[in-house]
Amino acid sequence: MASLSMAPVNIFKHGADEERAETARLSSFVGAIAIGDLVKSTLGPKGMDKILLGGGKGATVTVTNDGATILKAIGVDNPAAKVLVDMSKVQDDEVGDGTTSVTVLAAELLREAELLIAKKIHPQTIISGWRKATQAAREALREAAADHSNDPARFQEDLLNISRTTLSSKLLTHHKDHFAQLAVNAVMRLKGSGNLEAIHVIKKLGGSLTDSYLDEGFLLDKKIGVNQPKRLENANILIANTGMDTDKIKIFGSRVRVDSTAKVAEIELAEKEKMKEKVDRILKHGINCFINRQLIYNYPEQLFAQAGVMAIEHADFAGVERLALVTGGEITSTFDHPELVKLGHCKLIEEVMIGEDTLIHFSGVAMGEACTIVLRGATQQILDEAERSLHDALCVLAQTVKEPRTVYGGGCSEMLMAKVVTDLANRTPGKEAVAMESFAKALRMLPTIIADNAGYDSADLVAQLRAAHQENKTTFGLNMSEGTVGNMSELGITESFQVKRQVLLSASEAAEMILRVDDIIKAAPRKRVPDHHPC
């Protein structure tokens, strides 16, 4: 019988690459831990910011400490790192906050797993222990959650506290009371619908952050046409997406054979008649305000002015969509059947000045919950970061209105979960107990990093916090303004239960998925074929 050759057999195409067993696992761990280390300095109320520079000529500068924004902006090549980046995006879409926490927790879990695998503990044993630990932590979090939705005054206070806690780790931390109230007022106007599309954020350079305010109405950053009414009461609005720019012949790129210039004038006149007929069809809808997504040229603008109709051109797609939502109208492209068109309605349209700019203000819109937050600030970077911070707060508040349970922040919930998991590990025989202990250690790393980022002695503070939780002081957490351990219920440091639960589940699932990997296969790069037929 012929002996099999011991030489390795390559079954992949030329150029394909494979990493096996320990090498693949190490590559995954290193990538994921590097992503965690990148964002962990931004965690907590004293976290630092990152500057992200875009490539190319007009390189954009972004200053942020939002985990999802940082991870979206960096191009990663490591597959495990990509898993964490995607998880951070999902956290941002799902609940709006906790993007840094979820990445850091997943990275810390993998850091612990690396040590366990070095001790020859099988990945499946670790996963089994982690699953039991996740379940125990989830139960502990559920039991610790408080629901004040039956008491409007306390629930309002909860929302303010959640908003303050969310904003305290952002750029707006010095004005968090002002912005927390602003965010809560905006979300309470939604009357529980949670439709954040109704809240429009406008950024205007100038003034300071404290000049930002909530406007009960809708603001559109556009101009009203020439010689048209600048103020309208009881407006009937037609929102359209149609071409209003064919009032003169498009000579460029077209061929027209004529005997004389008079014939060209005839064609132009026909074009004008066509446009006049279109404007007449629009006016038959009984409107006094016409808003178009596309341009409106001089001739139709003049026709609208003669009819005393306010015409607003080039309202971008987002503006038109949001206007249709808040005024109760529909976007129209054809105008042959006025009876089928749903018009938007609004009590008053007028021009207002913000800074040096003129905007159009719609008040008394059909959708009563619509409002606009006007952000002011010294630089574009400050305005962009303020918008991201406010977006996080609005998302968390909208989630809390739907799921009103709250838990305490400042590392309190993490220590509570870690204590329960440690107790479970002490009662569990076998190697799974070691995995559970590593899960608890990873949870305790979050308050450690928060303290480190504030420049305090994290070992001392976390030891004090752990001792407090052992004495059943389950509302104790880190007070980062004093650098001590404090009672979170007195300090009002509250977080949404939904955010905390999502952080726990997403991080453990992502870490488990990366831990299961024992082989990484990279496809062969596509060969560039030389082009022998250049145009």
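The values are calculated or read from the model by the stated rules, or taken from the named source; none is laboratory data. Being a predicted model, the structure only gives us computed values, none of them experimental. Virtual Cβ from ideal backbone geometry, glycine too; neighbours counted across all protein chains shown. In case anyone asks, the SASA skips ligands and DNA or RNA and just uses the protein heavy atoms, side chains included. Shrake-Rupley method; radii C 1.70, N 1.55, O 1.52, S 1.80 Å.
Pick from region 211-222 the residues that are touching a Lys or Arg at 6+ places or on another chain (Cβ under 8 Å) and under 20 Å from I382 (Cβ atoms): which of them is least open to solvent (accessible area, probe 1.4 Å)?
Top of the filtered list is S212.
Those residues that are over 25 Å from K191 (Cβ atoms), in contact (Cβ under 8 Å) with a residue 60 or more places away in the chain, open to solvent by less than 70 Å² (accessible area, probe 1.4 Å) and not in a strand (DSSP E or B), I need them from region 336-369; list them, please.
Those that are over 25 Å from K191 (Cβ atoms), in contact (Cβ under 8 Å) with a residue 60 or more places away in the chain, open to solvent by less than 70 Å² (accessible area, probe 1.4 Å) and not in a strand (DSSP E or B): V341, G355.
For region 286-330, enumerate the residues that are assigned to a loop (DSSP other than H, G, I, E, B), in contact (Cβ under 8 Å) with a residue 40 or more places away in the chain and of a type outside the set (V, I, T).
Scanning region 286-330 gives G286, N288, R293, Q294, L295, Y297, G308, E313, H314, A315, G329, E330.
Table: residues versus (1) more than 23 Å from the chain's Cα centre (by Cα); (2) farther than 28 Å from E403 by Cα.
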| position | (1), (2) |
| --- | --- |
| G54 | no, yes |
| R111 | yes, yes |
| T125 | yes, yes |
| R131 | yes, no |
| H148 | yes, no |
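For region 431-460, give me each residue that is farther than 21 Å from K500 by Cα and in contact (Cβ under 8 Å) with a residue 40 or more places away in the chain.
Scanning region 431-460 gives K431, E432, A433, V434, A435, A454, G455.
Filter region 186-210 for residues that are closer than 30 Å to A366 by Cβ, open to solvent by 20 Å² or more (accessible area, probe 1.4 Å) and in a helix (DSSP H, G or I); which is modelled with the highest pLDDT?
This residue is M188.
Name the helices (runs of 4 or more DSSP H) wholly within region 396-509 that hold at least 1 residues that are of a type in the set (G, A, S), over 19 Å from S169 (Cα atoms) and in the same structural domain as Q91 (by the TED database)?
Correct list: 412-427, 432-453, 458-470.
Please pick out the residue among N227, N234, N288 that is loosely packed, with under 14 Cβ neighbours inside 10 Å and at pLDDT 85 or above.
Result of the check over N227, N234, N288: N234.
Could you check how many residues of region 50-71 are out of contact with any strand residue (DSSP E or B) (no Cβ under 9 Å at 6 or more places or on another chain), open to solvent by 30 Å² or more (accessible area, probe 1.4 Å) and small (G, A, S)?
Count: 3.
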